[in-house]
Amino acid sequence: MAVRKPVKVEPSRPRGRPRPEDVADIEDTLLTVALQEFQDQGYGAASVTKIVKTAGMSKTTLYSRYPSKEHLFRAILKRQIERYSPWASLGVDSGSPSLEEGLKAYANSTLKLSLENDELAVNHLIYSEIHRFPELGVAAAERTEIGIKRIADFIRQCAVAESIPCKDPDGVAEVFIHMIRGWYINVMLSKRDVSDLQRKQWVERAVRTLLLARPNW
């Protein structure tokens, strides 16, 4: 297991309304500290009191942004998505989109990052405590829906660019995302070490198999 570096927390700021340029730093510090607390203690045992103390802030500062532990966890997931932006790998802005290459790039990017460090720890947390805290499942489902929407939009663009109609882009996107998710969950729960080559070979087979059904989409 990778050893996490201690969270570096800046000295406490003066009381009062934060300056606009400080807001992003405040939220980043809160989410970083909260993530480590969730990883160390689990979702249920994580202490809001400890989070604000470590962050050098007040509970008022935290609750004004994240009214509950659930909102805090959702914000962590959202930040992870924004940071690695897997949809950037679709290559939509680089010219005429290619469905096959875009899907392979997205799958490889998503799986590679999901098997690393914080992303892997957060997913372990979700699956280990979801039976006691259904809100974790809701947060994970919201993250999945974002991926489905992005892929569905990409499929629509490719249908136009490649002159191959698609009657149900949302359905195809859902199949694709859950196909990736299923492979990932199997790897994660079995605690297997997967090489980059093995991951790429699986993605190649999966996308190729999906595209064989494209005339029926």
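Quick notes on this structure:
- Scanning the range 151-173 for any residue that is at pLDDT below 85 and of a type in the set (Ser, Thr, Tyr) turns up nothing.
- Whichever residue in the range 140-186 is part of a helix (DSSP H, G or I) and of a type in the set (Ser, Thr, Tyr) and, among such residues, is farthest from Tyr127 (Cα to Cα): Thr144
- Options Thr110, Thr144; residue that is surrounded by fewer than 18 Cβ atoms within 10 Å (Cβ to Cβ) and modelled with pLDDT of 80 or more: Thr144
- Set Asn123, Asn186, Asn216: member being loosely packed, with under 14 Cβ neighbours inside 10 Å, within 30 Å of Glu37 (Cβ to Cβ) and among the polar types (S, T, N, Q): Asn186
- Selection of the range 56-67 for residues being surrounded by 12 or more Cβ atoms within 10 Å (Cβ to Cβ) and not in a helix (DSSP H, G or I) yields Gly56, Met57, Ser58, Tyr66.
- Taking the range 68-107 as the range and being within 19 Å of Cys158 (Cβ to Cβ), modelled with pLDDT under 85 and part of a helix (DSSP H, G or I) as the test, the residues that pass are Pro86, Trp87, Ala88, Ser89, Leu90, Val92, Asp93, Ser94.
- Residue in the range 151-159 that is in contact (Cβ under 8 Å) with a residue 40 or more places away in the chain and among the charged types (D, E, K, R) present: no
- Scanning the range 29-55 for residues that are under 19 Å from the mean Cα position of the chain (by Cα) and assigned to a loop (DSSP other than H, G, I, E, B), we see that the one that is farthest from Glu70 (Cα to Cα) is Gly42.
The values are calculated or read from the model by the stated rules, or taken from the named source; none is laboratory data. Just so we're clear, the structure is a prediction, and the values are computed from it rather than from any experiment. Virtual Cβ from ideal backbone geometry, glycine too; neighbours counted across all protein chains shown.
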